[in-house]
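A.B. asks: Structure below; questions to follow.
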Amino acid sequence: MALEHALLVSLTERAGSGYELARRFDKSIGFFWRASHQQIYRVLKRMEESGWLSSEAVAQEGRPDKKVYSVNEAGRAELARWIAAPTDTSMPRNELGVKIRAAAHGDIGALCDEVVRHREQHNQRLELFRLIEKRDFPAPEQLSGTPLHQYLVLRAGIRVESGFVEWCDEVLQALQPRATAPHADPKKGETQR
């Protein structure tokens with residue numbers, strides 16, 4: 001997915017300036033697609049030059065005019081084309097997974113500390129997603145259209161974060177006893193601490 005498509009999605013939900021879009025992005029799509037504010041501004045300019053967006057200068061009191069972007073017909077056509085195109089199903093990179101695979105060659109206690117750190121971050125995100133679900137979608141069975149689609153993506157985030165937290169718990173349960181137990185050095189054929 002290109003950042004352009006994530007921005008098209010956000011702008012179809014509500015027109016906005018680059019600043020407004022960057023702030024909204026941080027609180028919604030940004031959980032699933034990372035972009036700096038500078039990237040967003042650059043891409044908005046490119047999207048307007050490509051004919052996907054229209055903009056309007058809006059006067060602000062005591063500040064320079066702001067440029068408010070909205071998706072035009074060409075942008076909607078591009079979004080529809082992109083939605084219909086196949087999505088990449090490759091596995092996301094997981095550096096922590098590679099480190100765990102190599103655990104026999106390093107400090108398992110330090111690795112467990114890193115797993116705990118990851119678990120805490122994913123658990124914080126899980127709690128945030130659950131708070132958003134409770135606050136914004138109290139009656140999911142009554143949803144339709146864009147709110148339903150937003151809810152379904154949020155549910156995916158909840159499931160991913162929940163699964164990651166459970167996986168970290170499984171890793172810690174399996175590795176922590178080994179972090180303090182003697183282990184065999186395969187090169188020396190002896191038990192070490």
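The values are calculated or read from the model by the stated rules, or taken from the named source; none is laboratory data. Note that this is a predicted model, so its numbers are computed, not measured. With ideal geometry, Cβ positions are generated from the backbone for all residues, glycine too; neighbour counts draw on all protein chains shown. Heads up: the accessible areas ignore ligands, DNA and RNA and are worked out on the full protein's heavy atoms, side chains in. Shrake-Rupley method; radii C 1.70, N 1.55, O 1.52, S 1.80 Å.
A.B. asks: Could you grab the pairs with beta carbons closer than 9 Å, sequence gap of 6+ or different chains, first residue in segment 73-93 and closer than 30 Å to residue 55 by Cα and open to solvent by 100 Å² or more (accessible area, probe 1.4 Å), second one not small (Gly, Ala, Ser) and not in a helix (DSSP H, G or I)?
C.D. replies: 76/52; 87/1
A.B. asks: Of the conditions (1) under 30 Å from residue 9 (Cβ atoms); (2) free of Cβ contacts under 8 Å to residues at least 40 places away in the same chain; (3) assigned to a helix (DSSP H, G or I); (4) under 24 Å from the mean Cα position of the chain (by Cα), residue 114 fails just one. Which one is it?
C.D. replies: Exception for residue 114: condition (1).
A.B. asks: Residues in segment 9-49 that are of a type in the set (Gly, Ala, Ser) and exposed (fewer than 13 other Cβ atoms within 10 Å of the Cβ): how many? It would help to see each step written out before you state the result.
C.D. replies: To start, the set of residues in segment 9-49 that are of a type in the set (Gly, Ala, Ser) comprises 10, 15-18, 22, 28, 30, 35-36.
If we keep only those that are exposed (fewer than 13 other Cβ atoms within 10 Å of the Cβ) too, we end up with 36.
Adding up the residues that qualify gives 1.
A.B. asks: Okay, moving on. For segment 54-72, which residues satisfy the criterion of being of a type in the set (A, V, I, L, M, F, W, C) and open to solvent by less than 70 Å² (accessible area, probe 1.4 Å)?
C.D. replies: Initially, segment 54-72 is screened for residues of a type in the set (A, V, I, L, M, F, W, C), giving 57-59, 68, 71.
Matches in segment 54-72: 58, 68, 71.
A.B. asks: Sticking with this one: Residue 162 fails exactly one of the following numbered conditions: (1) touching a residue at least 12 places away in the same chain (Cβ under 8 Å); (2) open to solvent by 40 Å² or more (accessible area, probe 1.4 Å); (3) farther than 18 Å from residue 33 by Cβ. What is the number of that condition?
C.D. replies: Exception for residue 162: condition (2).
A.B. asks: Of everything in segment 94-111 that's part of a helix (DSSP H, G or I) and small (Gly, Ala, Ser), which residue is most open to solvent (accessible area, probe 1.4 Å)? Steps first, please.
C.D. replies: First, pick out the residues of segment 94-111 that are part of a helix (DSSP H, G or I): 95-101, 103-105, 108-111.
The next check asks that each one be small (Gly, Ala, Ser); those that pass are 97, 103-104, 109-110.
Working: 97: 25, 103: 14, 104: 85, 109: 23, 110: 53 Å².
Within segment 94-111, the match that is most open to solvent (accessible area, probe 1.4 Å) is 104.
A.B. asks: Would you point out the residue of segment 158-182, among those that are within 18 Å of residue 111 (Cβ to Cβ) and of a type in the set (S, T, N, Q), that is modelled with the highest pLDDT?
C.D. replies: 173
A.B. asks: Identify the residue in segment 129-158 that is in a helix (DSSP H, G or I) and of a type in the set (A, V, I, L, M) and, among all such residues, is nearest to residue 27 (Cα to Cα).
C.D. replies: Applying the first criterion (in a helix (DSSP H, G or I)) to segment 129-158 yields 129-136, 140-142, 145-158.
If we keep only those that are of a type in the set (A, V, I, L, M) too, we end up with 131-132, 148, 152-154, 156, 158.
Details: 131: 13, 132: 10, 148: 18, 152: 16, 153: 13, 154: 12, 156: 16, 158: 15 Å.
Ranking the qualifying residues of segment 129-158, first place goes to 132.
A.B. asks: Taking the conditions exactly as written (in contact with a strand residue (DSSP E or B) (Cβ under 9 Å, 6 or more places away or on another chain) and either open to solvent by 100 Å² or more (accessible area, probe 1.4 Å) or modelled with pLDDT under 95 (or both)), does residue 185 satisfy them or not?
C.D. replies: Values: in contact with a strand residue (DSSP E or B) (Cβ under 9 Å, 6 or more places away or on another chain): yes; either open to solvent by 100 Å² or more (accessible area, probe 1.4 Å) or modelled with pLDDT under 95 (or both): yes.
It is true that residue 185 is in contact with a strand residue (DSSP E or B) (Cβ under 9 Å, 6 or more places away or on another chain) and either open to solvent by 100 Å² or more (accessible area, probe 1.4 Å) or modelled with pLDDT under 95 (or both).
A.B. asks: Residue 126 - would you say it is open to solvent by less than 100 Å² (accessible area, probe 1.4 Å), modelled with pLDDT of 95 or more and either in contact with a Ser or Thr (Cβ under 7 Å, 6 or more places away or on another chain) or not in a helix (DSSP H, G or I) (or both)?
C.D. replies: On the way: open to solvent by less than 100 Å² (accessible area, probe 1.4 Å): yes; modelled with pLDDT of 95 or more: yes; either in contact with a Ser or Thr (Cβ under 7 Å, 6 or more places away or on another chain) or not in a helix (DSSP H, G or I) (or both): yes.
Yes; evaluated as a whole, the condition is true for this residue.
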